1. Run the numbers for GLU33 and TYR184: contour at 0.36 nm per residue of separation, minus the present Cα-Cα distance, in nm.
2. Can you give me the relative contact order of the chain as a percent, contacts being Cα pairs under 8 Å and 6 or more apart?
3. Any idea of PHE233's accessible area? Nearest 10 Å², probe 1.4 Å.
4. Let me know the charge dipole size of region 1-133 about its Cα centre in debye, to the nearest 20, where only the beta-carbon of Lys, Arg (+1) and Asp, Glu (-1) is charged.
5. I need to check one value: relative contact order of region 1-156, counting alpha carbon pairs closer than 8 Å and at least 6 residues apart, in percent.
6. Give the ranking of PHE71, PHE230, PHE104, PHE43 by solvent-accessible surface, highest area first, calculated with a 1.4 Å probe.
7. Would you mind telling me the share, in percent, of accessible area of the chain contributed by carbon and sulfur at probe 1.4 angstrom?
8. When only the heavy atoms of the protein chains count and the probe is 1.4 Å, how do HIS15, HIS225 rank by accessible area, highest first?
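The values are calculated or read from the model by the stated rules, or taken from the named source; none is laboratory data. Only a predicted model underlies this, so the values are computations on that prediction, with no experimental measurement involved. When we count neighbours, we look across all protein chains shown, and the Cβ atoms used for this are built from the backbone with ideal geometry, even at glycine. Protein only, heavy atoms only, side chains kept; ligands, DNA and RNA dropped before computing areas. Shrake-Rupley method; radii C 1.70, N 1.55, O 1.52, S 1.80 Å.
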Amino acid sequence: MCIIWVLPFVYLVAHSFRGESSGSYSKFFFPQEWTFDNYIALFTKTDTLDFKSMFLNTLFISSCACVISTFMVLSVSYCTSRIKWKMRKPYMNMAMIIGLFPGFMGMIALYFLLKAMGLTEGNKVPLALILCFSAGSGAGFYVMKGYMDTIPKALDEAAYMDGATRFQTYIKIILPLCKPMIVYQIITSFMGPWMDFILGKMICRTNIKYFTVSIGLWTMLDMDHINQWFTRFCAGAVCVAIPISVLYIITQRFYQEAMSGSVKG
């Protein structure tokens, strides 16, 4: 099973170094000529598609959405897990029901709302994408809340007795114990905007200057570009995987159980 899953990835990486330019596909699994020209052309030739600009646009949008989404999810999760307030249960039920419906069901209404605010044209397109990817993230708090519920409230009470405020307890007690889930939230919050195609295509439309990498890679495979851009598409697909891999490598050391030994006797 692992071999079957790995084969397409090996093919993709191998043909990103393919030197022969015989159309889009090759009858050979591995290239007959190897070269780095596809990667060089991907970031230097901007006559038709500016992949460098797409890459930077997506990196900026994904980073901003990741920070906002992580902050919102952590805040809402703490409020629903640790604070008793009016309408708490109705809000949780409402968020769960709304979460049952896929986000793209409201994409038409979302587009007209953004258009009414003037966010679908010019340099406001990245702001529109950031809002789309992060504005409703607070409703996806259930996984984080479930993890916070496993943290004994005795830790909060002990902190209060020592003179800590609620904010200090949240920052110095709860968040350090939530490192594994924070890492999970960061990765998922980054991957969503990074890999999204539907919302990006709806908002960017034909505004090629603000294309994201997923739209750019899709454009490389249409009939007008596939013969010239297929090997560059393979190189672009490999480059798309790099930020996610780097993010995981940086954060994976925090992905461990943080609760062991936190409460004794």
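1. Details: separation 151, 0.36 × 151 = 54.36 nm, distance 4.03 nm.
Length difference between fully extended and current span is 50.3 nm.
2. Details: 267 pairs, mean separation 85.3, N = 265.
Answer for the chain is 32 percent.
3. PHE233 has an accessible surface of roughly 40 Å² with all protein chains in place.
4. Details: 11 positive and 6 negative charges, 215 e Å.
Dipole size: approximately 1040 debye.
5. 25
6. Values: PHE71 140, PHE230 15, PHE104 115, PHE43 75 Å².
My answer, sorted largest first, is PHE71, PHE104, PHE43, PHE230.
7. Details: 10670 of 15320 Å².
Carbon plus sulfur share of accessible area: 70 percent.
8. Values: HIS15 0, HIS225 30 Å².
Largest accessible area first, the residues go HIS225, HIS15.
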